[in-house]
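Colleague: Have a look at this one before I ask anything.
The values are calculated or read from the model by the stated rules, or taken from the named source; none is laboratory data. Just so we're clear, the structure is a prediction, and the values are computed from it rather than from any experiment. Note: ideal-geometry Cβ built from the backbone for every residue, glycine included; neighbour counts use all protein chains shown. Only protein heavy atoms, including side chains, enter the accessible area calculation; ligands, DNA and RNA are left aside. Shrake-Rupley method; radii C 1.70, N 1.55, O 1.52, S 1.80 Å.
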Amino acid sequence: MPALKRIEERPTWVRVVELIAFLLAFFVAVKLMGSSIKMLGKEQADALWAGIRNPFAGLCVGILSTVLVQSSSVTTAAIVGLVGEGQISVTLAVPMVMGANIGTSITNTLVALGHMTRSQEFRRAFAGATMHDFFNLIAVVVFLPLELLTGFLSNAAEWLTKPFTALAGGEKFSSPLAEAFKSITQGIQGFVTDTLGATGFWAAVILIVVALVVLFFALMRIARIMRSLMAARFERALNNVLQKSGLIAIVIGMVITASVQSSSITTSLLVPMFGAGILSLEAGFPVTLGANLGTTVTALIASLATSHPAGLTIALVHMLFNLAGILLIYPIPRIRAIPLRLARGLANMAVERRYWVIVYILGVFVVLPLVGILILK
Amino acid sequence: MFKWLQRLDPNSSGLAKMMREFGHMIDDGQHIFDAAANAFLGGTDPEVIRSDLFKTDKRINHTEQKIRREILVHGTVYGATELPVCLKLMSIVKDAERIGDYSKNLFDLAVLTQKSHDDDFYADLVELKDRISAMLRKATSIYGSQDGDQARAFMREGDQLQDHCDEKIEALITSKSGSGEKAATALAYRYFKRVLAHSINIISSVVMPLDQLDYLDEDKRTRLGDQGSK
């Protein structure tokens, strides 16, 4: 049997067909995720969600789950699936979505560690990577309490959802895509229960694991195929970033990320440029903000496969949260300088004492969320 | 059906753009060499060409920096598969930049002294300048086409001219004519030789493995024979 060609070497039409196939698999996984939780039964499901009733515990779950799968797209798509199938409320899901934003910023920070043996390069690369972390942390520190007090994000998202709900025939509506995938997910569920003979709790566990694995794999393949299809454009866009900044750079970050369905790919592409010193933190910062906004497209796409408008509402919360973060931090130069200054400070500490790198990564992305879950659940 | 996707073709990547920019660098190198050599050989008043010469040199330097940045972006996006071509390009943009530098040195020499027409070496230097200039003109097209046979012929011609420069330098050093004139002529041959060496190095990238680039003084037969035919 001839060896499979690398993605980049396959004809364009083959990659397009693969892309469509993985996109369909993604929709099926989102739908399957929500409907499989239903099979757990009310008691088990209630016990599962009890842990995230405290919003800060929800935040920690969002961080940790994203760190584990190294993709906020997987986390947010799963959350959209759960909300869209009526398993958890928008209110419970908001902190988890915010946590996903923080969790995803670990990837480019890990990429920056590749420069660790060269001090000056590492200083620049680490600062370039962690400014994304600080932006996300600041946005959560400001907007999570505000959301808990006023519900401004979920209210705005619900308001934005209404026209779509009305257009589609009210609360009972499920999108045409959701209907199309319903029979497929029912088929998979039937296979697990009838053919494999699994029932109740264990059938639900098998299906949830299958949904998560398919979701993860499909998103990874979509990202890889899109990256191979769009590489020449990314290159042109990144060369533009070196010469331009501001709004154009935000748009560039947004478009690249929306294309590959992964903010980590965009922000990680920038790290070697920071390290080499050809991209300043100031010029790269708007690209990371654009990446934050671009990654919300995944949740919006995922909401197409759900049965309830709440799926769209939580996807819009994700988008509005990132938009609000940009509006809070980017327009005023003094505020814009805060995450950059914090990142530079941390990078200086990390260059002088390397253990700060471990303290920071383990502390922010693993220990704090774990302790948070254990204490607050 | 997928016609719009042809725009996503990897062949339209930044590499093609960098190759074009590099071609402009070699063209600029030929321009600056011609200007400086003509000034030294008395064909042009150095002050007339000074501004254009320095502007061209600046453009060469800027293009080198631009290509370096683009190489990093290209390598980041495409990864390891494009690493060899990126490294080769990184090495030869330096050569193109050095052609500009040596031409500038030649111009500095022209400001201090211009070659008199009745000198023994004048006719030889004019002929040498014309051949180097023609070679630089050819370099852009050979690099663009990546034609191995033409590249080897280019390198052979360059090697012969370098040997010729060495012979002339030796003759100048051992001759008994005036020392100031002699030094200037020797330096001119030296600069001509360096321009040749860097242009050979650029074209050697068509046929030579990456690790052999820049070894301009190695055994020429090895470069053109065993290794070059790989």
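Colleague: Within the bounds of region A:283-290, is there any residue that is polar (S, T, N, Q), out of contact with any His (no Cβ under 8 Å at 6 or more places or on another chain) and in contact (Cβ under 8 Å) with a residue 24 or more places away in the chain?
Modeller: The initial filter retains those residues of region A:283-290 that are polar (S, T, N, Q), namely A:288.
If we keep only those that are out of contact with any His (no Cβ under 8 Å at 6 or more places or on another chain) as well, we get none.
Taking every residue of region A:283-290 in turn, none turns out to be polar (S, T, N, Q), out of contact with any His (no Cβ under 8 Å at 6 or more places or on another chain) and in contact (Cβ under 8 Å) with a residue 24 or more places away in the chain.
Colleague: Report, by residue number, each residue of region A:340-375 that is closer than 20 Å to A:G62 by Cβ and surrounded by 17 or more Cβ atoms within 10 Å (Cβ to Cβ). Spell out how you get there, then give the answer.
Modeller: Going through region A:340-375, the residues closer than 20 Å to A:G62 by Cβ turn out to be A:360-375.
A:Y360, A:I361, A:V364, A:F365, A:P369, A:G372, A:I373, listed by residue number.
Colleague: Between A:L238, A:L219, which is within 14 Å of chain B (Cβ to nearest Cβ) and either crowded, with 22+ Cβ neighbours inside 10 Å or out of contact with any Gly (no Cβ under 7 Å at 6 or more places or on another chain) (or both)? Break it down stepwise before answering.
Modeller: Working: A:L219 fails: within 14 Å of chain B (Cβ to nearest Cβ).
Exactly one of A:L238, A:L219 is within 14 Å of chain B (Cβ to nearest Cβ) and either crowded, with 22+ Cβ neighbours inside 10 Å or out of contact with any Gly (no Cβ under 7 Å at 6 or more places or on another chain) (or both), namely A:L238.
Colleague: Can you pull out the residues in region B:188-210 that are part of a helix (DSSP H, G or I), out of contact with any Ser or Thr (no Cβ under 9 Å at 6 or more places or on another chain) and open to solvent by less than 10 Å² (accessible area, probe 1.4 Å)? Let's see the steps before the verdict.
Modeller: In the first step, residues of region B:188-210 are kept if they are part of a helix (DSSP H, G or I); the result is B:188-207, B:210.
Then keep just the ones that are out of contact with any Ser or Thr (no Cβ under 9 Å at 6 or more places or on another chain); that gives B:188-190, B:192-194, B:196-200, B:202-204.
B:A188, B:Y189, B:F192, B:L196, B:A197, B:S199, B:I200, B:I202, B:I203, B:S204 - these are the residues of region B:188-210 that are part of a helix (DSSP H, G or I), out of contact with any Ser or Thr (no Cβ under 9 Å at 6 or more places or on another chain) and open to solvent by less than 10 Å² (accessible area, probe 1.4 Å).
Colleague: Moving on. State the number of residues belonging to region A:61-75 that are in contact (Cβ under 8 Å) with a residue 60 or more places away in the chain and either open to solvent by 40 Å² or more (accessible area, probe 1.4 Å) or under 19 Å from A:A315 (Cα atoms) (or both). Walk me through how you get there before you give the answer.
Modeller: The initial filter retains those residues of region A:61-75 that are in contact (Cβ under 8 Å) with a residue 60 or more places away in the chain, namely A:61, A:63-64, A:67, A:69-74.
Okay, now just the ones that are also either open to solvent by 40 Å² or more (accessible area, probe 1.4 Å) or under 19 Å from A:A315 (Cα atoms) (or both), so A:61, A:63, A:69-74.
The total comes to 8.
Colleague: Quick test of your reading of the structure: A:I278 fulfils all but one of (1) in a helix (DSSP H, G or I); (2) within 14 Å of chain B (Cβ to nearest Cβ); (3) open to solvent by 10 Å² or more (accessible area, probe 1.4 Å). Name the failing condition by number.
Modeller: (1)
Colleague: Check region A:285-297 and report whether any residue there is in a loop (DSSP other than H, G, I, E, B), surrounded by 22 or more Cβ atoms within 10 Å (Cβ to Cβ) and within 11 Å of chain B (Cβ to nearest Cβ).
Modeller: Within region A:285-297, none of the residues are in a loop (DSSP other than H, G, I, E, B), surrounded by 22 or more Cβ atoms within 10 Å (Cβ to Cβ) and within 11 Å of chain B (Cβ to nearest Cβ).
Colleague: Shifting gears a bit: Suppose the filter is at pLDDT 90 or above, more than 25 Å from A:T266 (Cβ to Cβ) and either crowded, with 20+ Cβ neighbours inside 10 Å or within 14 Å of chain A (Cβ to nearest Cβ) (or both); does B:I71 pass it?
Modeller: Working: at pLDDT 90 or above: yes; more than 25 Å from A:T266 (Cβ to Cβ): no; either crowded, with 20+ Cβ neighbours inside 10 Å or within 14 Å of chain A (Cβ to nearest Cβ) (or both): yes.
Spelling it out, it is not the case that B:I71 is at pLDDT 90 or above, more than 25 Å from A:T266 (Cβ to Cβ) and either crowded, with 20+ Cβ neighbours inside 10 Å or within 14 Å of chain A (Cβ to nearest Cβ) (or both).
Colleague: Working only within region A:241-258, note down all residues that are modelled with pLDDT under 90 and open to solvent by 60 Å² or more (accessible area, probe 1.4 Å).
Modeller: A:Q243, A:K244, A:S245, A:L247, A:I248
Colleague: Residues of region A:327-345 being more than 16 Å from A:W356 (Cβ to Cβ), touching a residue at least 12 places away in the same chain (Cβ under 8 Å) and part of a helix (DSSP H, G or I), which ones?
Modeller: Listed by number, the residues that qualify are A:L328, A:I329, A:R336, A:I338, A:P339, A:L340.
Colleague: Follow-up question, since we're still on this one. Just name the residue that is nearest to the other protein chains (Cβ to nearest Cβ) out of those in region A:222-235 that are open to solvent by 40 Å² or more (accessible area, probe 1.4 Å) and without any contact (Cβ under 8 Å) to a residue 60 or more places away in the chain. If you could, list the steps in order and put the result at the bottom.
Modeller: Within region A:222-235, the first condition is being open to solvent by 40 Å² or more (accessible area, probe 1.4 Å), and the residues that meet it are A:224, A:227, A:233.
Those still in the list that are without any contact (Cβ under 8 Å) to a residue 60 or more places away in the chain too: A:227, A:233.
On the way: A:R227: 8, A:R233: 7 Å.
Among them, the one singled out is A:R233.
Colleague: Condition test on A:I278, is it in contact with a Lys or Arg (Cβ under 6 Å, 6 or more places away or on another chain) and free of Cβ contacts under 8 Å to residues at least 60 places away in the same chain?
Modeller: Numbers: in contact with a Lys or Arg (Cβ under 6 Å, 6 or more places away or on another chain): yes; free of Cβ contacts under 8 Å to residues at least 60 places away in the same chain: yes.
Criteria met by A:I278.
Colleague: Can we say B:K55 is away from chain A (no Cβ under 13 Å) and basic (K, R)? Walk me through how you get there before you give the answer.
Modeller: Working: away from chain A (no Cβ under 13 Å): yes; basic (K, R): yes.
Yes: the conditions hold for B:K55.
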